[in-house]
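Down below is the structure, laid out as structure tokens.
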Amino acid sequence: MKYILSVILALFIFMNYGNIETAKAQTGSTSSDPITALPTKADDITDSQLRDLLKQAQASGMTDEQIRQAVIAKGMPESEVNKLQIRINAIRGTKENNTDNLTIKPTDTDVNAKTTATVAPKPTKEPYVFGSEYFNNNNLTFEPNLSIATPLDYVLGPKDQLVIDMYGNSLGNWKVPVSPEGTILIPTVGIVYVGGKTMAQATGLIKAKLKTYFAIDHGTNVSVSLGNIRSIKVTLVGEITKPGTYTVSAFTTVFNALYLSGGPNNIGSFRKISVIRDNAIIATVDFYDFLLRSNQKGNIRLQDGDIISVPTYKVRATLTGQVKRPAIYEVLPGENLRDVINFAGGFTDRAYTAAIKAIQVTDKDRKVTDISLADFTSYVPLRGDQYIVDAILNTYENRVSIYGAVYRPGQFELDSGLTLTRLITKAAGLIPNAFTSRGYISRLKSDNTTELIPFDLKSIVNKTSADITLKREDVVTIPSIFDLRNEYTVTINGDVRGAGDFAYADKMSVEDLIIQAGGFTESASPKHIAISRRVTDSDPNQKNSPVSKVFIIDVDDQFKISGSSFILQPFDVVSVYSLPGYEKQRMVKIEGEVLYPGPYAITTKDEKISDLVKRAGGLTASADVEGGRLKRTDKLGVDIEKSKTDVNDLTQERADRLSHIQKTLKDSTTNVYDQLKNDYVGIDLKAILKNPGSDVDLILEEGDVLRVPKQQQLVMVNGEVLFPSSVVYSNTKTLAGFVNNAGGFSPDALRKRAYVVYANGEVKATHNFLFFRSYPEIKPGSEIIIPKKPPIKGLTATELGSIAASLASAAAVLIGVLSLTKL
């Protein structure tokens, strides 16, 4: 009974072991990438999975387009991706058309979907109020120029200073200020009243005053100029960005003051700016005169106490679309839509000018009005009008096209009664390789779909069929005979200078093709050339039916023209072979402790290692014959490494190789050298030289490098030891003894897998039998490598659950069996 219970328990453990491994595989293979773990249906994805997706995407810097491409690459249909978009937007708490979120383009297959995500339109620049940009431009200051000559119309006032120069027969110079009463005092001459006078008037009064004392105009001249310029105060009121009273130079104009105040605000008028002096409007400024016509009408020089008043605008209209300067324009009474278009610089080259769409504001809502070209001058803009100038359609009213086998393909005018043959004449006629048996016309139908109209051009030209009258947007295609067949080529390979594919030509011979390929190489044999030709009549019911025809020919190596040349057909393949017995020099190399190291050419096909050592003069007295190694590179052209024949070079080479192995194969439990390509062949050079020509005496191949190092006295210990190092060789030490000299085994050392790489490239592993371990013999120049133990992974919760379920099943079976035994 105990035996039966034991067998049943073993069977249940064995049966449930597969479940444990399956659970382990499932848990172990679960990707940390939330995209990989997503189902292919949006409704099957939980909110938790979506949150993980968004968190990881944000942490890794993934863009929304990358998320889209990733879920599509996983196999999710785009219709499901659209649903996923909606759920992502809901989790993010953003609107569906937010361009910061995942934007998914609907496809033709999604037109019937109930919910589709659309591409958010690119944000367009809001139209600006025309004129406002000039007051926000740092490169435009409107500062008054104080270095110019005093204008003759400048009005003098208190705090001005006049400079009076008298020269000639009489000399004098006076700097006199204008008093608050408007007078100046000229020493020894008297008082002159200049207040409120212009510079020209004041100069005349001063000269008249000086005439009473000096001979003015009779050898004596007088000049009057302005010295210090007084400051004035002006006030800006109304719809100004920064209203207030400003202290400015007496040279300041209206534009200067407006710039200082920031100009009109968002509801201020640019066209009805008033200058008030002594309670009367003395000037009205229309800033559009300056902006559009460079006219400074009304830009007068200000005086002390002047007031600049900016009212609110009355009517503004927005003009967008295909105009040169889209903006918001202020419209005065008497101006019409044509004036607004002129404000915008006119239409662009792509504007649809037959009509403009106007969006108007009513007392309750908005309405759309189409304004025709004839009504532009009569339409009076209303408050809040928005005008949209559309682009012309990308269609042609009189275009037809012809492509294919004509001399001048392209687009042509559809004149009255244009037919197919006349269009071909416009296109300079057919080229010789035109296929005239069949062409076709692609024509737009009334519902804007296309239809193909085939025609027989040969019969139309021969007048056996009626000519075809063309319509707008017809596209005529006349194929070439080359369009209807594969491109004819011939191929040449083998011993020619430029093997490859070449264009086929009628009456092309083998000699012609060889010349196009650059001629024969030195090794080519002109006496045995094969041509393989395609078979078009092979019998598929016969096993031995031919699949190609092969011809063997000889050619003249001087390529003389003869009537017996072999003529090629399309897709022939020509093979040029080498001369029998032609051999290129094959080089090998011997390095290290030989009398004449260096490269040698192989002299015979069966030359061996012992022959190479003999040709190199034999070994030197310091050679380590047991450390001799043969490096045999692969057949892919691997370069022969530079010579490393002394102990230091070999030590550095091994250290570099081991460092690379340890970095790339940290957790490997197998022989690390088995993971890399080993170019070294383990040879016994001592036995080879003792018994030349024996089986161990290998035949040399091109690229072989035979290395004979100096006698070595060190052993390298690397891998999982406490202090990897070089240890002096001693024939009394075992592998464990050398490891002890390197600090001993590390805690992660996998001792049973220790192995030794000998100086000649041979590798030997540790042998294990039951509890006994046999380490390889150590020789001078050997390298001991101790691998690392594999990491021990604990059981996951799923694996533990599977084990518990298995044990529970086994217990239930045992209880059942025990119950049966009691019965």
Could you give every pair whose Cβ atoms fall below 8 Å, whose first residue belongs to the range 274-299 and is touching a residue at least 40 places away in the same chain (Cβ under 8 Å) and within 20 Å of Thr312 (Cβ to Cβ), and whose second residue is of a type in the set (Ser, Thr, Tyr) and surrounded by fewer than 17 Cβ atoms within 10 Å (Cβ to Cβ), counting only separations of at least 6 or pairs across chains?
Gly298/Thr284
Would you confirm whether any residue within the range 535-543 is closer than 30 Å to Asn433 by Cβ, open to solvent by less than 40 Å² (accessible area, probe 1.4 Å) and either at pLDDT below 95 or not aliphatic (A, V, I, L, M) (or both)?
yes
Yes or no: Arg422 open to solvent by 50 Å² or more (accessible area, probe 1.4 Å) and under 40 Å from the mean Cα position of the chain (by Cα)?
no
If Ser774 passes every condition in (1) of a type in the set (S, T, N, Q); (2) without any contact (Cβ under 8 Å) to a residue 24 or more places away in the chain; (3) open to solvent by less than 10 Å² (accessible area, probe 1.4 Å) but one, which one does it miss?
(3)
Scanning the range 487-539 for residues that are touching a residue at least 12 places away in the same chain (Cβ under 8 Å) and among the polar types (S, T, N, Q) gives Thr489, Thr491, Asn493, Ser509, Gln516, Thr521, Ser523, Ser525, Ser532
Do we find a residue being farther than 30 Å from Asn266 by Cα, among the polar types (S, T, N, Q) and in contact with a strand residue (DSSP E or B) (Cβ under 9 Å, 6 or more places away or on another chain) anywhere in the range 232-249?
no
Name every residue in the range 363-391 that is hydrophobic (A, V, I, L, M, F, W, C) and either in contact (Cβ under 8 Å) with a residue 60 or more places away in the chain or part of a strand (DSSP E or B) (or both), in order of residue number.
Val368, Ile371, Leu382, Ile388, Val389, Ala391
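Here is a list: Arg383, Arg408, Arg366. Which entry is open to solvent by 50 Å² or more (accessible area, probe 1.4 Å) and closer than 30 Å to Ala427 by Cα? If you could, list the steps in order and put the result at the bottom.
Numbers: Arg383 fails: closer than 30 Å to Ala427 by Cα; Arg366 fails: closer than 30 Å to Ala427 by Cα.
Unique residue meeting the criteria: Arg408.
With respect to Leu444, is the statement that it is over 28 Å from Arg485 (Cβ atoms), buried (at least 18 other Cβ atoms within 10 Å of the Cβ) and either modelled with pLDDT under 95 or not aromatic (Phe, Trp, Tyr) (or both) true? Show your work before the answer.
Details: over 28 Å from Arg485 (Cβ atoms): yes; buried (at least 18 other Cβ atoms within 10 Å of the Cβ): no; either modelled with pLDDT under 95 or not aromatic (Phe, Trp, Tyr) (or both): yes.
No: the conditions fail for Leu444.
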Ile460 - would you say it is outside any loop (DSSP other than H, G, I, E, B), open to solvent by less than 50 Å² (accessible area, probe 1.4 Å) and under 20 Å from Phe412 (Cα atoms)?
no
Residues that are of a type outside the set (S, T, N, Q), more than 19 Å from Arg629 (Cα to Cα), open to solvent by 60 Å² or more (accessible area, probe 1.4 Å) and assigned to a strand (DSSP E or B), drawn from the range 746-771
His767, Phe769
Search result, residues across the range 312-322 that are surrounded by 16 or more Cβ atoms within 10 Å (Cβ to Cβ) and outside any strand (DSSP E or B)
Tyr313, Gln322
Every residue from the range 777-805 that is over 23 Å from Asn741 (Cα atoms), crowded, with 18+ Cβ neighbours inside 10 Å and of a type in the set (Ser, Thr, Tyr)
Ser802
Qualifying residues in the range 323-343 (those that are surrounded by 18 or more Cβ atoms within 10 Å (Cβ to Cβ) and touching a residue at least 60 places away in the same chain (Cβ under 8 Å)) - the one farthest from Phe251 (Cα to Cα)
Val323
Out of curiosity, is Ile531 surrounded by 14 or more Cβ atoms within 10 Å (Cβ to Cβ) and over 46 Å from the mean Cα position of the chain (by Cα)?
yes
Where Glu762 falls short, out of the listed (1) acidic (Asp, Glu); (2) within 30 Å of Val705 (Cα to Cα); (3) in contact with a Lys or Arg (Cβ under 6 Å, 6 or more places away or on another chain)
(3)
Within the range 210-235, track down each residue that is modelled with pLDDT of 80 or more and of a type in the set (Lys, Arg).
Lys233
Can you confirm whether the range 597-608 contains a residue that is open to solvent by 80 Å² or more (accessible area, probe 1.4 Å), modelled with pLDDT of 90 or more, out of contact with any helix residue (DSSP H, G or I) (no Cβ under 8 Å at 6 or more places or on another chain) and farther than 22 Å from Gly693 by Cα?
no
When every residue in the range 46-83 that is open to solvent by 50 Å² or more (accessible area, probe 1.4 Å) and basic (Lys, Arg) is compared, the one modelled with the highest pLDDT is Arg51
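Considering only residues that are in a loop (DSSP other than H, G, I, E, B) and among the small types (Gly, Ala, Ser), look in the range 344-362 and name the one that is surrounded by the most Cβ atoms within 10 Å (Cβ to Cβ). Full working, then the answer.
Of the range 344-362, the ones in a loop (DSSP other than H, G, I, E, B) are 344-346, 348-350, 352-354, 362.
Checking the rest, the ones that are also among the small types (Gly, Ala, Ser) come to 344-346, 354.
On the way: Ala344: 20, Gly345: 13, Gly346: 12, Ala354: 11.
For the range 344-362, the residue satisfying everything is Ala344.
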If a residue must be of a type outside the set (Lys, Arg), touching a residue at least 40 places away in the same chain (Cβ under 8 Å) and over 30 Å from Gln516 (Cα atoms), how many such residues does the range 550-596 contain?
7
I need the full set of residues from the range 676-723 which are part of a strand (DSSP E or B), touching a helix residue (DSSP H, G or I) at 6+ places or on another chain (Cβ under 9 Å) and surrounded by fewer than 19 Cβ atoms within 10 Å (Cβ to Cβ), in order please.
Ile699, Lys710, Leu714
Restricted to the range 724-745 and to residues being open to solvent by 70 Å² or more (accessible area, probe 1.4 Å) and not in a loop (DSSP other than H, G, I, E, B), the residue farthest from Pro787 (Cα to Cα) is Val728
Scanning the range 733-757 residue by residue, those closer than 15 Å to Phe723 by Cα and free of Cβ contacts under 8 Å to residues at least 24 places away in the same chain turn out to be Gly737, Asn740, Gly743, Gly744, Pro747
Residues in the range 463-482 that are farther than 17 Å from Arg408 by Cα and open to solvent by less than 90 Å² (accessible area, probe 1.4 Å) total 8
Go over the candidates Val406, Val461, Val476 one by one and state the one that is over 41 Å from the mean Cα position of the chain (by Cα) and not basic (Lys, Arg).
Val461
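The values are calculated or read from the model by the stated rules, or taken from the named source; none is laboratory data. Quick caveat: nothing in here was measured; it's all calculated off a predicted structure. Glycine also receives a Cβ, built like all others from the backbone with ideal geometry; neighbour counts cover every protein chain displayed. In case anyone asks, the SASA skips ligands and DNA or RNA and just uses the protein heavy atoms, side chains included. Shrake-Rupley method; radii C 1.70, N 1.55, O 1.52, S 1.80 Å.
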